[in-house]
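The values are calculated or read from the model by the stated rules, or taken from the named source; none is laboratory data. Just so you know, these numbers come straight off a predicted model, no measurement behind them. When we count neighbours, we look across all protein chains shown, and the Cβ atoms used for this are built from the backbone with ideal geometry, even at glycine. Side chains are part of the model used for accessible areas, which takes the heavy atoms of the whole protein and leaves out ligands, DNA and RNA. Shrake-Rupley method; radii C 1.70, N 1.55, O 1.52, S 1.80 Å.
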Amino acid sequence: MLGNNDDMNFANRSEGKASINQLDGTTLNAGSGTINIELGNLGEVGDINLANLTTTGQVLVNANGGNIARASENSIINAGSVLFETNGSGGIGLTDAPLQLNVENLEAISGSGGAFFDVFGRCEYW
(Lines give C-alpha, C1' and ligand atoms only; values in the text may rest on other atoms or scores of the structure.)
Protein backbone atom coordinates (compact mmCIF):
# COMPACT_ATOMS: atom_id res chain seq x y z
CA MET A 1 0.00 0.00 0.00
CA LEU A 2 1.66 3.19 -1.19
CA GLY A 3 0.74 6.80 -0.55
CA ASN A 4 2.39 9.99 -1.75
CA ASN A 5 4.36 7.78 -4.13
CA ASP A 6 6.96 9.43 -6.36
CA ASP A 7 5.66 7.53 -9.41
CA MET A 8 2.19 9.10 -9.14
CA ASN A 9 1.02 12.00 -11.26
CA PHE A 10 1.35 15.11 -9.05
CA ALA A 11 -1.59 16.73 -10.88
CA ASN A 12 -3.87 14.02 -9.43
CA ARG A 13 -2.69 14.56 -5.85
CA SER A 14 -4.93 16.41 -3.39
CA GLU A 15 -3.50 19.22 -1.28
CA GLY A 16 -2.28 18.63 2.27
CA LYS A 17 -0.37 15.97 4.10
CA ALA A 18 -0.55 12.44 2.72
CA SER A 19 -1.47 9.83 5.32
CA ILE A 20 -2.41 6.16 5.33
CA ASN A 21 -5.20 5.41 7.82
CA GLN A 22 -6.44 1.88 8.41
CA LEU A 23 -9.97 1.83 9.81
CA ASP A 24 -10.14 0.74 13.46
CA GLY A 25 -11.32 -2.86 13.78
CA THR A 26 -10.22 -3.92 10.28
CA THR A 27 -7.57 -6.57 9.57
CA LEU A 28 -5.22 -6.78 6.63
CA ASN A 29 -4.36 -10.49 6.39
CA ALA A 30 -1.67 -11.46 3.87
CA GLY A 31 -1.42 -15.14 4.82
CA SER A 32 2.32 -15.81 4.39
CA GLY A 33 2.89 -12.82 2.11
CA THR A 34 4.56 -9.47 2.72
CA ILE A 35 2.61 -6.42 3.88
CA ASN A 36 4.31 -3.24 2.62
CA ILE A 37 2.93 0.14 3.73
CA GLU A 38 4.89 3.19 2.63
CA LEU A 39 4.59 6.96 2.32
CA GLY A 40 6.68 8.53 -0.42
CA ASN A 41 7.79 12.15 -0.70
CA LEU A 42 5.75 13.44 -3.64
CA GLY A 43 4.26 16.13 -1.36
CA GLU A 44 3.79 16.78 2.35
CA VAL A 45 4.13 13.66 4.49
CA GLY A 46 1.54 12.81 7.14
CA ASP A 47 1.28 9.71 9.33
CA ILE A 48 0.53 6.00 9.08
CA ASN A 49 -2.17 4.74 11.48
CA LEU A 50 -2.45 0.96 11.71
CA ALA A 51 -5.29 -1.25 12.97
CA ASN A 52 -4.62 -5.02 12.66
CA LEU A 53 -2.02 -6.62 10.38
CA THR A 54 -1.55 -10.39 10.10
CA THR A 55 1.02 -12.44 8.19
CA THR A 56 3.47 -15.21 8.90
CA GLY A 57 5.80 -13.30 6.57
CA GLN A 58 7.11 -9.73 6.78
CA VAL A 59 5.53 -6.40 7.61
CA LEU A 60 7.42 -3.38 6.23
CA VAL A 61 6.23 0.10 7.25
CA ASN A 62 8.01 3.30 6.19
CA ALA A 63 6.48 6.64 7.21
CA ASN A 64 9.25 8.70 5.56
CA GLY A 65 9.43 11.27 8.39
CA GLY A 66 5.84 10.88 9.57
CA ASN A 67 4.65 8.98 12.62
CA ILE A 68 3.62 5.33 12.78
CA ALA A 69 0.79 4.85 15.29
CA ARG A 70 -1.93 2.40 16.22
CA ALA A 71 -5.55 3.11 15.29
CA SER A 72 -6.87 2.07 18.72
CA GLU A 73 -5.94 0.38 21.98
CA ASN A 74 -7.06 -2.94 20.41
CA SER A 75 -4.80 -2.71 17.35
CA ILE A 76 -2.19 -5.48 17.05
CA ILE A 77 0.37 -6.60 14.50
CA ASN A 78 0.96 -10.37 14.16
CA ALA A 79 3.89 -11.25 11.91
CA GLY A 80 6.98 -13.33 11.42
CA SER A 81 9.08 -10.17 11.23
CA VAL A 82 8.51 -6.42 11.16
CA LEU A 83 10.56 -3.43 10.05
CA PHE A 84 9.35 0.03 11.02
CA GLU A 85 11.17 3.00 9.56
CA THR A 86 10.85 6.77 9.79
CA ASN A 87 13.20 9.73 10.14
CA GLY A 88 13.40 13.41 11.05
CA SER A 89 10.89 14.19 13.78
CA GLY A 90 8.91 11.00 13.11
CA GLY A 91 8.25 8.39 15.77
CA ILE A 92 7.00 4.83 16.08
CA GLY A 93 4.21 4.36 18.62
CA LEU A 94 3.72 6.72 21.55
CA THR A 95 4.74 6.43 25.19
CA ASP A 96 1.07 6.16 26.21
CA ALA A 97 0.00 4.22 23.08
CA PRO A 98 2.83 1.88 22.02
CA LEU A 99 2.43 -0.37 18.98
CA GLN A 100 1.26 -3.81 20.11
CA LEU A 101 3.17 -6.63 18.46
CA ASN A 102 3.14 -10.41 18.37
CA VAL A 103 6.25 -10.98 16.24
CA GLU A 104 9.36 -13.15 16.09
CA ASN A 105 11.75 -10.46 14.81
CA LEU A 106 11.56 -6.69 15.28
CA GLU A 107 13.66 -4.00 13.61
CA ALA A 108 12.98 -0.28 14.03
CA ILE A 109 14.66 2.87 12.72
CA SER A 110 13.12 5.96 14.26
CA GLY A 111 13.44 9.71 14.07
CA SER A 112 13.55 11.94 17.15
CA GLY A 113 10.00 10.83 18.09
CA GLY A 114 11.38 7.55 19.50
CA ALA A 115 10.06 4.00 19.27
CA PHE A 116 7.56 2.48 21.71
CA PHE A 117 6.32 -1.13 21.64
CA ASP A 118 4.39 -3.68 23.70
CA VAL A 119 5.72 -7.04 22.49
CA PHE A 120 3.86 -10.25 23.31
CA GLY A 121 5.64 -13.60 23.19
CA ARG A 122 9.26 -14.24 22.29
CA CYS A 123 10.93 -11.73 20.01
CA GLU A 124 14.42 -10.94 18.72
CA TYR A 125 15.19 -7.22 18.58
CA TRP A 126 17.50 -5.57 16.04
Checklist entry - From the Cα gyration tensor of segment 22-71, with a ≥ b ≥ c the square roots of its eigenvalues, which class applies: rounded if a/c is under 1.5, or else prolate if a/b is larger than b/c, or else oblate? => result oblate
Checklist outcome for this item: With a 1.4 angstrom probe the carbon and sulfur portion of accessible area for the chain, in percent, totals 46
Checklist outcome for this item: Within the set L101, L50, L42, GNM on the chain using Cα springs under 10 Å gives the largest fluctuation to L42
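Based on DSSP loop calls and a cut-off of at most 10 other Cβ atoms within 10 Å, the longest stretch of the chain free of exposed GluC sites (Glu not before Pro) is what?
That gives 16-72 as the longest site-free run.
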Checklist outcome for this item: In terms of the alpha carbon gyration tensor, root eigenvalues a ≥ b ≥ c, rounded if a/c is under 1.5 and otherwise prolate when a/b exceeds b/c or oblate, segment 61-109 is oblate
Checklist entry - Comparing A51, A11, A115, which has the greatest mean-square fluctuation in the GNM of the chain with Cα pairs linked when under 10 Å apart? => result A11
Checklist outcome for this item: Taking R0 as 22 Å and r as the Cβ-Cβ distance between I109 and T34, the FRET efficiency 1/(1 + (r/R0)^6), rounded to the nearest 0.05, comes to 0.80
Next on the checklist: With a cap of 16 neighbouring Cβ atoms within 10 Å, and only residues DSSP puts in a loop, list the trypsin sites (Lys or Arg not before Pro) found in segment 9-81.
Outcome noted: R13, K17
Checklist entry - For the pair A97 and E73, how long in nm is the line joining their label points, each one 7 Å along Cα→Cβ? => result 1.2
Item to check | q = 0.12 Å⁻¹: log10 I(q)/I(0) that the Debye formula gives for the chain, counting C-alpha atoms only | outcome: -0.41
Item to check | Probe 1.4 Å, protein heavy atoms only - accessible area per residue of the chain in square angstrom | outcome: 54
Checklist entry - If you find the alpha carbon centre of segment 1-79 and of segment 96-123, how far apart are they in angstrom? => result 16
